[in-house]
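Undergrad: Can you keep this structure in mind? I'll have questions shortly.
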Amino acid sequence: MTATEAGQLDPVSPRTANLAALLRALRAGPLSRTQLAARCGLTRAAVSGLTTELSERGLVRSAGLRGGGNGRPSQLVELNGASACGLALSVEADRFAAVVTNLDGRVVAERAETADVAALGLHRSMDELAFLARRTLLDDQPVGVTVSVPGLVDSAAAVLRFAPTLRWRDAEIADLLAARLGLPVAAIAVDNEANLGAIGEAVDGVGRGVRELFYLSGGLGVGGGLVSAGAILRGARGFAGEVGHITVDPAGEQCPCGRVGCLETKAGLNAVLRGAASPGDPLHDPALGVDGRVGLLKHRVRRGDQRALAAVSELGTALGVAVSTVVDVLDPDVVVLGGYFAELGEWLVEPVRRELSARPLGHEPACRVEPSPLGTTAPLRGAAYLAVERLFADPTLVPATAEEAPA
Ligand SMILES: [Zn+2]
């Protein structure tokens, strides 16, 4: 991850930038001061002063000695994981979720609750989300909060511009949550769930070590996010990756957006469920929630239910057409099928690969197609990563205390 993800922070001093460089280097594991100096392009004396300051802030600590082979054993420094935490929140059509991770990315608390978010409306939803956040944080004060939302997000302004499934427009999520949580507005970032899913996969999932990753997110709508060299590619207005309205069937159904045959008319969850079962079938029961209905669909496909199989096959073809267009334009290393597509991955990956290999540019096997190993948790994982990223961009957010022992 690069500093671009901390775009809302003020420019930092050279010393703070060096503190940040050291802290980032330690994100991969303990290092000696000599190794830190080499990785960060600093002198060993500078590293000494900087690690002392990080230690005074409680962010790093001594990690014992490493045998030095022929030389002297060297003193290792590591992140003090418990010294700070980040909060990830998500708003989905049928639930709220909260995850607290510490500095080294370990999940320390998580909670979720079901809700009809559209029926609650924006302000009551923010009350519920803040209440859930407080119960998950207990007494901890997060260094950053990242909120995952389904819809078009102006991330620079931390405003959700439009979420069709929630029927929210110009929702000032960061302001509303800052007031409810007693945190500065600058500590709260808001992003589209597919962008955060892409980050989650790049950091913790199938995209580790990959440079260009495209994440396709299946839910009531269909979204996409692109991560390039560790940073989200947002486009001029922040709406890059919105693939739900790519035309996949010119003779298809009218889409609520006004066009015909959009990917969402074929791959949105309700469209697939309508294809898989008649009205009145339990597949359409909102009480089951999104996960419950997808689980039931999967069960039927596995059992060989012809109508369910046909619906999922049609979904695979539609995804293949859309992904081919994406791959022609973006040429990613890997396409990750996320959201509910991940649950159905065993029936979707092959049709998508087939469609790609039939293309004139012959993307097989250069571009991998993988189901998301993180499933529906990918956006929260990405949000948690970016929440603590705020501290990795500016370690001075945590004040120095007198009690910490030097590293
Ligand atoms: Zn459309």
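Here, each number is a calculation from the coordinates, and none is a lab measurement. Source: prediction; values computed, not measured. Counting neighbours? That spans all protein chains shown, and the Cβs are built from the backbone with ideal geometry, glycine included.
Undergrad: Find which of Ser13, Ala179, Gly244 sits farthest along the positive direction of the dipole of the chain, computed with +1 on the beta-carbon of Lys and Arg, -1 on that of Asp and Glu, about the Cα centre.
TA: Farthest towards the positive pole: Ser13.
Undergrad: Return one number: the angle in degrees, 0 to 90 and rounded to the nearest 10, between the long axis of the Cα atoms of helix 289-303 and the longest principal axis of the Cα atoms of the chain.
TA: Result, in degrees: 60.
Undergrad: Which Cα, out of Gly49, Gly338, Gly295, lies furthest along the positive dipole direction of the chain (beta carbon charges, K/R +1, D/E -1)?
TA: Checked the options; the winner is Gly49.
Undergrad: If you don't mind, there's one more thing I want to ask. Let a ≥ b ≥ c be the square roots of the eigenvalues of the Cα gyration tensor of region 208-373; is it rounded (a/c under 1.5), or, if not, prolate (a/b larger than b/c) or oblate?
TA: Because a/c hits 1.5 or more and a/b exceeds b/c, region 208-373 counts as prolate.
Undergrad: Related question: What is the packing order of peptides 36-44, 56-64, taking the mean over residues of other C-beta atoms within 10 Å and listing the highest first?
TA: 56-64, 36-44
Undergrad: Can you compute the label reach from Ala358? Point 7 Å from Cα along the Cβ direction, backbone N cut-off under 17 Å, restricted to region 306-321.
TA: 310-321
Undergrad: How many angstrom separate the Cα center of region 277-331 from the Cα center of region 88-167?
TA: 27 Å
Undergrad: If I model a spin label at Asp281 and Asp249 as a point 7 Å from the Cα along the Cα→Cβ vector, what separation in nanometres do I get?
TA: Simple spin-label model gives 1.5 nm for this pair.
Undergrad: Once you order the gyration tensor axes a ≥ b ≥ c over the Cα atoms, which shape class does region 276-407 get: rounded for a/c under 1.5, otherwise prolate or oblate by comparing a/b with b/c?
TA: Oblate is the answer for region 276-407, as a/c is 1.5 or above yet b/c matches or exceeds a/b.
Undergrad: Please report the antiparallel percentage of DSSP beta bridges with both residues in region 124-231, rounded to the nearest 5.
TA: In region 124-231, DSSP labels about 75 percent of beta bridges as antiparallel.
Undergrad: So, one more: Give the residue from Leu152, Ser90, Leu386 lying farthest towards the positive end of the charge dipole for the chain; charges sit on Cβ (+1 for Lys and Arg, -1 for Asp and Glu) and the dipole is referred to the Cα centre.
TA: Among Leu152, Ser90, Leu386, the one farthest towards the positive end of the dipole of the chain is Leu386.
Undergrad: Moving on to the next point. Taking 60 Å as R0, compute the FRET efficiency from the Cβ-Cβ separation of Glu113 and Thr34 and round it to 0.05.
TA: After rounding, the FRET efficiency stands at 0.75.
Undergrad: With +1 on each Lys and Arg Cβ and -1 on each Asp and Glu Cβ, and nothing else charged, work out how big the dipole of the chain is about its Cα centre, in Debye to the nearest 20.
TA: Rounded to the nearest 20 debye, it is 820 debye.
Undergrad: With both partners inside region 65-181, how many of the DSSP beta bridges are antiparallel, as a percent to the nearest 5?
TA: 80 percent
Undergrad: Counting each DSSP H run of 4 or more residues in the chain as -39500 (n - 2.57), what helix-only mean residue ellipticity at 222 nm follows after dividing by all residues, to the nearest 500 deg cm²/dmol?
TA: Per the formula, -12000 deg cm²/dmol.
Undergrad: Could you work out Rg/(2.2 N^0.38 Å) for region 38-195, with Rg from alpha carbons only?
TA: 1.34
Undergrad: Rounding to the nearest 20 debye, state how big the charge dipole of region 167-256 is about its Cα centre with +1 on each Lys and Arg Cβ and -1 on each Asp and Glu Cβ.
TA: 180 debye
Undergrad: For a Förster distance of 35 Å, can you work out the FRET efficiency between the beta-carbons of Ser13 and Phe162, rounded to the nearest 0.05?
TA: 0.35
Undergrad: Using 0.36 nm times the number of residues separating Arg106 and Asp154, minus their current alpha carbon distance, what extension gain do you get?
TA: Stretched fully, the Arg106-Asp154 segment lengthens by 14.4 nm.
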